[in-house]
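The values are calculated or read from the model by the stated rules, or taken from the named source; none is laboratory data. Computed from a predicted structure; not experimentally measured. Note: ideal-geometry Cβ built from the backbone for every residue, glycine included; neighbour counts use all protein chains shown. Heavy atoms of the whole protein, side chains included, go into the accessibility calculation; ligands, DNA and RNA do not. Shrake-Rupley method; radii C 1.70, N 1.55, O 1.52, S 1.80 Å.
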Amino acid sequence: MLQKLMDSPVAWLVLAIISVVSFIIAIYEIVKKKSVKELSCYDSSYVIVKNNENSISKMAIMYDGKEVENVTISKFAIWNSGTEMLSKENFVDKIFFQARAESNAKILDAQIIEKTNKNNKIDFVKSENGSLINENTVKITFDYADKQDGCVLQLLHTGKGSDISPDSVIKGGEELKWVNKDHYNNKKRIIIL
């Protein structure tokens, strides 16, 4: 019976078709895995003042002439963790990353404190009045980000670190990937929080 099957041209044709289809599927999967559009983020927050508690009774904590009860510094390390260079056209509304204050928190100040590549022009999207903070949201744009390119965004805000809602949407790419401290510390990168 096996000899009959080996002598049949139909069996050889089916075997050849299966081999070609398998080869095409394997190549497709390899190319698909190589081409990943992904942005990773690691965040850390440090409470500076909580409920205006301080050991000096006559001292008030002020920002821009106004008393604040809670002050937190939140830092976000954001980088291209995919396999492809990303350009602003890859992002919805050409926004690389944005952070919004929720739960009555207010963003007081925003700075990009570290960039891995000065040439990719990572910068804030300014509002019509020139402010970095628009409707309690900070937005960052850029020209391009090669693999492992990124920045560290530092926000000074009221409330807790969990009151800041970060977001980034890549067209046809992966969702914003959150990285834990162990994973972040094991990576060799220029960005340090």
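State which entries of K94/K118; K88/K160; K75/K115; K126/K147 exceed 24 angstrom in Cα-Cα distance in the structure shown. Present the calculation step by step, with values, prior to reporting the outcome.
Values: K94/K118 19 Å; K88/K160 30 Å; K75/K115 13 Å; K126/K147 26 Å.
Exceeds cut-off: K88/K160; K126/K147.
log10 I(q)/I(0), Debye, Cα-only the stretch 7-104, no solvent, q = 0.20, 0.23 Å⁻¹?
-1.07, -1.19
Of A16, G159, S87, which is farthest on the positive side of the dipole of the chain, counting Cα position, with +1 on Lys and Arg Cβ, -1 on Asp and Glu Cβ, and the Cα centre as origin?
A16
Treating only the Cβ of Lys, Arg, Asp and Glu as charged (+1, +1, -1, -1), what charge dipole size does the chain show about its Cα centre? Round to the nearest 20 debye. Before the final figure, lay out the partial values.
Working: 26 positive and 25 negative charges, 98 e Å.
Charge dipole of the chain: 480 debye, to the nearest 20.
Can you report the principal axis dimensions of the stretch 73-151 using only the alpha carbons, biggest first, rounded to whole angstrom?
Between the extreme Cα coordinates on each principal axis of the stretch 73-151 lie 38, 26, 21 Å.
Run a plain Debye calculation on the chain (Cα atoms as equal point scatterers, no solvent) and give log10 I(q)/I(0) at q = 0.14, 0.15, 0.18 Å⁻¹, rounded to two decimals, same order as the q list.
One equal scatterer on each Cα of the chain leads to -0.84, -0.93, -1.20.
Considering only protein heavy atoms, with the full assembly of protein chains and a 1.4 angstrom probe, order K58, K171, K177 by accessible area, largest first. Don't skip to the answer; put the middle values down first.
Working: K58 190, K171 105, K177 80 Å².
Ranked list, largest accessible area first: K58, K171, K177.
Quick query: amide H of V169 versus all other amide H atoms, modeled in the peptide plane; which residues come in under 5 Å with a sequence gap of 5 or more or a different chain?
Residues meeting the amide H criterion: V92.
In Å and from the alpha-carbon atoms only, list the Rg and Dmax of the stretch 90-132.
Spelled out, the Cα radius of gyration and Dmax of the stretch 90-132 are 12.5, 36 Å.
Enter the angle in degrees (range 0 to 90, nearest 10) between the Cα long axis of helix 9-34 and the first principal axis of the Cα atoms of the chain, meaning the one along which they spread out most.
On a 0 to 90 degree scale, this one is about 20.
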